[in-house]
Amino acid sequence: RWKCQGPGPCGSKTLPSPRPLPLLGHLLELRRKDLPVRFMELSRRYGPVYRLRFGTQDVVVLNTTELIREALIKKWSDFAGRPQSYTADLISFGGKDLSLGNYTAMWKIQRRLAHSSLQRSLRTNLEALISQEAQQLCQDFLSYGSSPVDVSKDFSLHTCRIISSMTFGVLFDKKDPEFQVIHKCIGDVVQLWSSPNITVLDSFPFLRKLPNASLDALMQAVARRDAFVKHQLEIHKETFQPSEIRDISDSMIHFLQERKQQEQTPAAAGGEEFDEDYIHMAIVDLFIGGTETTASTLTWSVAYLMHHPQVQERIYSEMLEVLGPERLPEYSDRVHLPLLWATISEMLRLRPVAPLAVPHATTRDTSLSGYFIPKGTVVIPNLYAANHDETKWKNPTQFRPERFMEAEDPKQAHRDVLSFGAGARVCLGESLARMEIFFFLAHLLRHFRFLPLVPGQLPDLCGIFGINLRSKPFQVRFVPWTEPGKDEGQE
Ligand code: HEM
C-alpha cells in the first residue's frame, strides 16, 4: 500500500514508521497527553515525516514548516480532505460541517460562502465593535478592584459576544440566560466530542449500541446549540431585506434565496442540494472558532507576560510614545507598535491553540518529499513542531518577541508562524483573531500591569494538551499603572 503501484505521483521511498503493536498498531500513543510533543520526539528518530497506524487507520504526521507547506499549499487539493467519522456525522447533520466536512462540491460552496460573509462583516464597523468590547473588559477588570481574576472565562465571554454580534447582529448581555446557554454548550460540544468515551465510538462500532452517558450529554448539548441557531435563523428569515444585509446570517440567507431562485437543481450541483443545514453548520463553526481559540491565545498572553514584566513595561512605553497619554489604539497603529505585534506572533508561535490543526485526508494518491501517500490517508500537520523547529527558530522554547523584530525579513518571520494552518483549509478567522488579540492586549496593557496574586506565584506555562492547547487555570491581578507594585513580577 505504501509503494506506488502504477502511473501516478510515484515516490520510490517507503515512509518510515515506528514498530507497531499487533492489532493495536500505534493506538497507545493516543493516550499520551502531550501528543504534539511526542510526535516531535518521534520525528527526531524517524525523520520529519513518518507513518503511524491507529487501529485500521493509516496516519501520516508532518513535523516541519517545509513539509506542511508542500502538502497544504503546493499540493493543496491532494491534502484538502477531512477524515470522515461516525461521531462527526452525528453532530453535523450527517457531515454538513465546515471544519470537519470532506472536500466536496457542497463543502466548497459552504466555505466560499462563510469566507465572503465573514469578510463582508470584517469590512463593516468591526474595529469599533472589538475596541468597545476591549474597553468594556478593562472596565470590568477595574470594577473587580484588586481581587484576583480568572481571565479565560472573561475573554471567552467577550469573544463570543463579538462573534454573536457579527453573526446575528445581537450584542448579548453577558448575563443574558440565552447567551450563557449558547456560550456554555459551544464549549461543551467541543470538549465532549473529543473525550475518549466518544472518540472510541469511531474505532469500535459495536460500542455504539451500549449506553453511553457522555454521548447522551453530547447530544443534549448539540440539541441546545441547534435550537439556539435555528431560533436566530428563523428571526432573520422573518426580518430579512435583500437591500439591507446586516450581518453574517443575512449574507447567508441571501445567498440561499438567490440560489433557490436560480433553480439550481440537485443534479446540477452533483446530486446534492445546498440546504439550510450547511448554513447552520457554518454558523456553528464560526461560533466555535470565534470563541475559545482567540480567548485561549489571550489567556496564554497574560500568563507569559506575567513571567515577563519587562516586556509589559516596554509595550506600555511603546504605546505611550506612539499614542500619547489619551488616544485609544486603532488597528492601523499595529505597524508602529512592533513589540506588541511581535508579542502576538510569539504567543501564536509558542502556544498554537490547535497544535495538530484539524486532521486532513488525502483526496487522491499523491506524494510528499518523494514518499508515496495513498488516497484516504489521514494527515496530521504538527503545527506545534513546525513552530518549534530549531532550524528555523533559535532557542524555540524561549519567549522572545524580539526575534521577529531582529529577523532579516520580519514580515516573512511573522508569516512563518503556522498556527492558523495553510492552504485550502487555512483558518477562516485569522484576520478576526489577530484583530481581537491586538485590541484586547493593547487596551489591557495600556491600563494595567498583570501581576500575580502573591509575588513570584506565576502561572504554569506547560499547558493542557487536548483538541486545543489550553493554559492551566491561574489568577492574575490587573493593577493600574498609576498604582504601586512595580517589582512584584519576575523576569
Ligand atoms: C488564535 C485564534 C485561532 C487559531 C490559532 C486558529 C487556528 C485554526 C487552525 C489550526 C485550523 C485548522 C487548519 C487546518 O485544518 O489546516 C482552523 C480552522 C478553522 N478556523 Fe480557526 N483559529 C483561530 C481563530 C478562529 C476564529 C476567530 C474563527 C471564526 C470566526 C475561526 C474559524 C475557523 C474555521 C471555520 C475553521 C475550519 C476551516 C476549514 O476546515 O476549512 N478560527 N483554525
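Annotations
- Qualifying residue in region 230-251 (condition: over 16 Å from G169 (Cβ atoms) and either exposed (fewer than 15 other Cβ atoms within 10 Å of the Cβ) or not β-branched (V, I, T) (or both)): yes
- The one condition from (1) part of a strand (DSSP E or B); (2) within 20 Å of the chain's Cα centre (by Cα) that R53 does not meet is (2).
- Residue check, G95 farther than 27 Å from K392 by Cβ, modelled with pLDDT of 95 or more and not charged (D, E, K, R): no
- For region 396-435, residues that are charged (D, E, K, R), more than 24 Å from Q310 (Cα to Cα) and touching a residue at least 40 places away in the same chain (Cβ under 8 Å) total 2.
- Residue, farthest from the ligand (Cβ to nearest atom), within region 134-144, restricted to residues that are hydrophobic (A, V, I, L, M, F, W, C) and out of contact with any Lys or Arg (no Cβ under 9 Å at 6 or more places or on another chain): L142
- Taken over region 446-463, the residue count meeting the criterion of being under 14 Å from V151 (Cα atoms) and touching a Ser or Thr at 6+ places or on another chain (Cβ under 8 Å) is 1.
- The set of residues in region 103-128 that are more than 29 Å from S194 (Cα to Cα) and assigned to a helix (DSSP H, G or I) comprises S116, Q119, R120, S121, L122, R123, L126, E127, A128.
- S152 meets each of the listed conditions (1) in contact with a Pro (Cβ under 8 Å, 6 or more places away or on another chain); (2) closer than 18 Å to I283 by Cα; (3) not acidic (D, E) apart from (2).
- Criterion applied to D150, D154, D188, D176 was being surrounded by fewer than 18 Cβ atoms within 10 Å (Cβ to Cβ) and more than 19 Å from A227 (Cα to Cα), and the one residue passing it is D150.
- Filter pass, H443 being part of a helix (DSSP H, G or I) and away from the ligand (no atom under 16 Å from the Cβ): yes
- Condition met for S92 (in contact (Cβ under 8 Å) with a residue 12 or more places away in the chain and either part of a loop (DSSP other than H, G, I, E, B) or closer than 20 Å to D226 by Cα (or both)): yes
- Taking the criterion of being outside any helix (DSSP H, G or I) and modelled with pLDDT under 90, the residues of region 185-215 that qualify are S194, S195, F204.
- The set of residues from region 37-53 being surrounded by fewer than 18 Cβ atoms within 10 Å (Cβ to Cβ) and either within 14 Å of the ligand (Cβ to nearest atom) or touching a residue at least 60 places away in the same chain (Cβ under 8 Å) (or both) comprises just one member, V37.
To keep it simple, each residue is scored yes or no on (1) of a type in the set (D, E); (2) out of contact with any helix residue (DSSP H, G or I) (no Cβ under 8 Å at 6 or more places or on another chain).
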{"position": "Y371", "(1), (2)": "no, yes"}
{"position": "N382", "(1), (2)": "no, no"}
{"position": "E402", "(1), (2)": "yes, no"}
{"position": "E406", "(1), (2)": "yes, yes"}
{"position": "F420", "(1), (2)": "no, no"}
{"position": "E430", "(1), (2)": "yes, yes"}
{"position": "F438", "(1), (2)": "no, no"}
{"position": "Q457", "(1), (2)": "no, yes"}
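- Only listed residue being away from the ligand (no atom under 12 Å from the Cβ) and assigned to a loop (DSSP other than H, G, I, E, B), chosen from S152, S147, S131: S147
- Pairs linking a residue in region 355-383 that is at negative phi to a residue that is in a strand (DSSP E or B) and acidic (D, E), with Cβ atoms under 6 Å and 6 or more positions apart or on different chains, are T377/D58.
- Looking at L100, L157, L171, just one residue is in a helix (DSSP H, G or I) and either more than 19 Å from the chain's Cα centre (by Cα) or among the aliphatic types (A, V, I, L, M) (or both), and that residue is L157.
- Residue ID - farthest from A295 (Cα to Cα), chosen from residues in region 446-471 that are in a loop (DSSP other than H, G, I, E, B) and aliphatic (A, V, I, L, M): V454
- Exactly one residue out of H236, H307, H254, H231 is over 23 Å from the mean Cα position of the chain (by Cα) and free of Cβ contacts under 8 Å to residues at least 12 places away in the same chain: that is H231.
- Inside region 409-432, residues that are more than 6 Å from the ligand (Cβ to nearest atom), buried (at least 16 other Cβ atoms within 10 Å of the Cβ) and part of a helix (DSSP H, G or I) make up a count of 5.
- Enumeration of residues in region 108-121 that are hydrophobic (A, V, I, L, M, F, W, C) and more than 8 Å from the ligand (Cβ to nearest atom): I109, L113
- Segments classed as helices (runs of 4 or more DSSP H), wholly inside region 265-348, with at least 1 members that are within 13 Å of the ligand (Cβ to nearest atom): 276-288, 294-307
The values are calculated or read from the model by the stated rules, or taken from the named source; none is laboratory data. It should be emphasised that the depicted structure is a prediction, and the values quoted were computed from it without experimental measurement. Every residue, glycine as well, gets a Cβ built from its backbone with ideal geometry; the counts of neighbours run over all protein chains shown.
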